[in-house]
Amino acid sequence: IYADPAKRLELYFRPKDPYCHPVCANRFPTSTLLLKVKRRTKKKKQLDADGQIQPEVQFEMEILGTVNTIYKFQGMSDFQYLAMHSGPGGKQTSMYDKVLMLKPEKEEFFNRDLPLYIPPPIFSRLDTPIDYYYRPDTHHREGYNNPQVSDENLIGLSRARRPNNAIFVNFDDEGTPDKPLDAAVQNWNKVCTNPVDKKVEEDLRKLFEVRPVWSRNAVKANISVHPDKLKLLLPYLAYYMLTGPWRSLWVRFGYDPRKHPEAKIYQVLDFRIRCGMKYGYTPNDMPVKAKRSTYNYSLPITVKKPVSHTVSVHDLKQGLGTSGAAGAKKPSSSIYKLKESIYVFREGTLPPYRQMFYQLCDLNVESLQKIIHRNDGTESECTERDGWCLPKTSDDLRDSMSLMIKQMIRSTRPALFSSTTSNEDGKEQLAYETGDDEDDEEEEEEDFKPSEGSENEMETEMLDYV
């Protein structure tokens with residue numbers, strides 16, 4: 001717990017009870033001393049003021065060091081849920097000996113008829129009391145309409161969609177949009193108030209003229225723009241593909257990749273680094289860190305999550321620290337620019353993350369490009385799975401890229417392969433990573449990460465706009 005500043009110290013009143021809910025202590029910095037105190041009692045006795053005989057006591061104190069971190073239990077104790085069963089007449093019967101397996105048991109132990117016992121994983125998501133202030137109805141801005149409630153979304157409707165006003169297109173949809181929504185135009189014009197924003201808009205227009213389909217990471221690696229402004233600029237110049245070979249990509253208005261065979265070089269490839277004992281290295285041995293992992297997820301009562309900074313329209317108008325903004329600390333033309341490795345694959349280099357979304361044109365390896373262009377001039381049909389490429393093209397690309405990465409890892413850490421044999425033929429099995437803490441992730445690879453709600457960047461980007 002002490003090694004991770006984000007963790008809270010847990011105290012269990014019944015350590016041997018797996019159903020005991022702990023109380024949590026918060027971590028605080030302090031400047032105090034650690035003292036060693038000795039109490040010595042001498043056999044020599046003396047008389048006190050009342051004439052009674054008292055032993056002579058002396059205290060010796062020694063400073064051992066300083067204390068810079070303390071844990072304080074400030075929260076309330078949670079509910080406790082015991083493994084009990086209410087029998088006839090309200091008599092409570094303990095079930096610990098029936099639900100806890102303390103030693104290897106035979107098959108009869110698992111086939112016994114027991115009362116249903118499903119303890120809740122957690123009662124309270126917070127352990128500190130808060131005051132709920134009843135507020136009047138929210139007054140929305142002009143033009144706001146309440147979301148329509150139907151039988152399909154009656155349950156689970158928590159808030160209205162965020163007004164980024166992107167146009168989403170599925171692979172099976174007819175036609176493509178040729179202009180943005182009026183709301184998207186208004187949103188961008190509202191925040192585009194300085195020359196830096198005008199230049200960013202012109203740069204993005206030029207990118208879409210050179211290449212009609214872009215991923216968000218590729219855009220962020222070619223122009224310097226704050227992610228919150230990019231969310232408003234992309235729907236102004238392009239639409240978003242939800243499904244098909246161009247899923248999670250932004251396409252220039254008026255361009256339909258489903259009608260142009262040459263658009264196959266812009267298709268997306270979902271590539272994940274394969275790991276496991278059959279490949280000679282485990283996820284923890286891999287020199288590529290995981291972007292995030294569900295294995296390290298902690299409940300809110302055990303982790304103090306940082307408070308995110310809310311960006312207002314006023315901040316966007318001021319440029320958010322870019323050149324020409326009021327109160328900018330260090331103007332730079334590339335302050336938000338990502339590295340090229342975030343979207344380009346090259347032979348001899350490892351991807352920054354274990355799961356990457358590459359466009360086929362960004363696979364800068366001659367052997368991979370030969371696989372992509374095997375059917376140049378003979379494309380007859382665009383399918384949802386393979387697009388304009390031959391069937392199984394994505395599988396062939398993943399096999400070749402996995403072999404390159406395995407050779408790269410072999411050269412980087414040869415000790416991992418000293419006692420294993422190479423198995424490069426046949427289909428390789430994907431093994432999902434256990435992952436490292438996201439806090440250890442190299443921040444220079446991508447300064448502005450997607451939302452923390454999904455391990456799949458494609459799904460995360462969809463959630464950002466939906």
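When the scattering of region 185-234 is computed by the Debye formula from its Cα atoms alone, each counted once and equally, what is log10 I(q)/I(0) at q = 0.13, 0.22 Å⁻¹? Taking Cα atoms of region 185-234 as identical point scatterers yields -0.27, -0.79. Whole-percent P(r), region 1-104, all Cα pairs, 5 Å bins from 0: 2, 9, 10, 10, 10, 9, 9, 8, 9, 10, 7, 5, 3, 0. As a rough guide to protection, the peptides 365-371, 335-341, 112-118, 241-247 ranked by mean Cβ packing within 10 Å, highest first, stand as 241-247, 335-341, 365-371, 112-118.
Ordering of 401-410, 55-64 by packing is 401-410, 55-64, highest average first (other Cβ atoms within 10 Å, averaged per residue).
Can you pull the percent of region 342-399's accessible area that's carbon plus sulfur, 1.4 Å probe, other chains left in place? Kindly include the intermediate steps, with their values, before the conclusion.
On the way: 1250 of 2700 Å².
So the carbon and sulfur contribution to the accessible surface is 46 percent.
Annotation: amide H of Q359 within the under-5 Å range of L269, sequence separation 5 or more or interchain, hydrogens built in the peptide plane. Model label points for E384 and H260, set 7 angstrom from Cα along the Cα-to-Cβ axis, are 2.4 nm apart.
The values are calculated or read from the model by the stated rules, or taken from the named source; none is laboratory data. Here the structure is a predicted model, which means the values were calculated and not measured. Counting neighbours? That spans all protein chains shown, and the Cβs are built from the backbone with ideal geometry, glycine included. Ligands, DNA and RNA are stripped out before the accessible areas are found, and what is left, the full protein with its side chains, is counted by its heavy atoms. Shrake-Rupley method; radii C 1.70, N 1.55, O 1.52, S 1.80 Å.
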